Amino acid sequence: MNLELLESFGQNYPEEADGTLDCISMALTCTFNRWGTLLAVGCNDGRIVIWDFLTRGIAKIISAHIHPVCSLCWSRDGHKLVSASTDNIVSQWDVLTGDCDQRFRFPSPILKLQCHPRDMDKVLVCPMKSAPVLLTLSDSKHVVLPVDDDSDLNVVAAFDRRGEYIYTGNAKGKILVLTTNTQELVASFRVTTGTSNTTAIKSIEFARKGSCFLINTADRIIRVYDGREILTCGRDGEPEPMQKLQDLVNRTPWKRCCFSGDGEYIVAGSARQHALYIWEKSIGNLVKILHGTRGELLLDVAWHPVRPIIASISSGVVSIWAQNQVENWSAFAPDFKELDENVEYEERESEFDIEDEDKSEPEQTGADAAEDEEVDVTTVDPIVAFCSSDEELEDTKALLYLPIAPEVEDPEENPFGPPPEASVQGATAEDALAGGDKKQRQPSSEGGPAKKKPRTTTIELQGVPSDEVHPLLGVKGDGKSKKKTAGRPKGSKGKDKDFPFRPKPYRGERPSFPVEALGSSGPGGGGGVGGGMKGRAEGGLATGSLLTQSYKQHDIGGMD
């Protein structure tokens, strides 16, 4: 559809619920690609479910991690997806094939990750109780960003709109602006309350259009700043926020905040209930409150890049919020009339004739003569909504949609390989040339080509505690339970260290697994999200163990 026709001259924010997306597993986090055609959802069983947002159907399921997925981000061209799980692992995925390109293991849980808006080789990672880390994917190197206070390592970070600068904020309210390439400090300021007291920075979010960004702080106020003013003030500046947004009546703390696609609205999700507050950025007035199911807690919020649509996650389900579409046929034909009952129509003379025999041929002059000019119907004009302000053309290599293969009831034994005769004849020639190296050329037992094991890089960070538990796991109680490690289940050695559970086809009666052995080891046995995983174990499934048939038909890659 032509996106220019979607420009609404009235309100440009959602008004009501427009259905839900059920990922079968419990959803924890979601993010749109750059065009809003695909929605990636991270689940508590480690899967990444990719939805085709136009058809509202599942386009692909990637069996990404063993532990819950806590953060997701698309690359600029949409071909790659970077994910983080609660077992401190960051992985890069090929969206088309579902294969893992490479993996990074951190010493502490990952709170957030973000791909560089322009350079697809860089990823910004915010580990728990550590300075932010800038990863370079091509050479697996990393740079630890400088912080204002070495004793305060509760730091959040974000790229600006074009990735030229990185903004970091700590628990004492200090914002640092660093250049992405050299990590040089170019500006800084401190967020203070009315009485010069500092407040902790919870998150920093940038608008897709314009230079504005917002800061969500612990004093329950969302402050909107202009990035150009911040750079002009320089170090230790005192910029004033453009807007201060808050809930003065209920003093609501905010779980997640983000801008609309055009940067004109700001949505904030309540940390107490499933409620979305929408403000107009230019005026600062509250225009809408969207209420979800009572008693549910909000986990994540994402605004569609080009449409007035919001996706929110609560109780493991993705809720969609959109405008109420009213059919108005007079917009297409001004003389269109809606009839309550049939009316007899009187046909005019020669009204439905193919050619009017009595009509005389007028001479073509002026505008009529221009109609005979050749019209270019092959050139595709770029869609303005998909181009940045400094770009004239769209990305021709962008991945907007995923092809869906039809499900074949009786597939061939080896659909990927050549015919049997050709493979036998080609094998003798290849053996003679390559010295009989058959193992690398043999297809895997599943029928497809053998997959290369992704490279795993261990990121060493000095002075970072390795026994931290991710906040998503919700481990509460006495001090003993908090010391539970966020790594993989213990008791695996050798090859099986990275693969504690391997799905195997099984026929006949399933053996009875002890629930304690499958559900309680690792963080999955904790409360919160882990409780959902434990419930699955009681039904005969554990995270990363045997998969149900309904999942199996969507699976792409192997387990992490």
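Take the Cα of Ile383, go 7 Å toward its beta carbon, and the backbone nitrogen atoms of the range 255-279 under 15 Å from that spot belong to 261-262. FRET efficiency for the Ile24 to Lys244 pair, using the beta carbon distance and R₀ = 41 Å, is estimated at 0.50.
Heavy-atom accessible surface of Ser282, to the nearest 10 Å², is about 70 Å², with a 1.4 Å probe and all protein chains retained.
Projecting label points 7 angstrom from Cα along Cα→Cβ for Glu374 and Leu402 puts them 4.3 nm apart. Please report the spacing between the Cα centers of the range 160-213 and the range 267-344 in Å, no decimals. Each part's Cα centre sits 30 Å from the other's. Packing, as the average of other Cβ atoms within 10 Å across residues, places the peptides 242-253, 259-270 in the order 259-270, 242-253, highest first. Packing around the peptides 17-27, 170-180, taken as the average count of other Cβ atoms within 10 Å per residue, puts them in this order, highest first: 170-180, 17-27.
Given R0 = 25 Å, the distance between the Cβ atoms of Thr456 and Glu164 translates into a calculated FRET efficiency of 0.20. Taking every protein chain into account, the 1.4 Å probe leaves Arg455 with about 120 Å² of accessible area, to the nearest ten.
Of the cross-linked pairs Lys209/Lys255; Lys60/Lys202; Lys172/Lys255; Lys129/Lys397; Lys141/Lys281, those separated by over 27 Å at the C-alpha level are Lys60/Lys202; Lys129/Lys397; Lys141/Lys281. Treating each Cα of the range 81-240 as an identical point scatterer and summing with the Debye formula, the log10 of I(q)/I(0) at q = 0.15 Å⁻¹ comes to -0.80. Take Glu351: with every protein chain present and a 1.4 Å probe, its accessible area is about 60 Å².
The values are calculated or read from the model by the stated rules, or taken from the named source; none is laboratory data. What you see is a predicted model; the values in this text were computed from it and never measured. Every residue, glycine among them, receives a Cβ derived from its backbone with ideal geometry; neighbour counts consider all protein chains shown. Quick note on the areas: whole protein, heavy atoms, side chains included, nothing else; ligands and nucleic acids left out. Shrake-Rupley method; radii C 1.70, N 1.55, O 1.52, S 1.80 Å.
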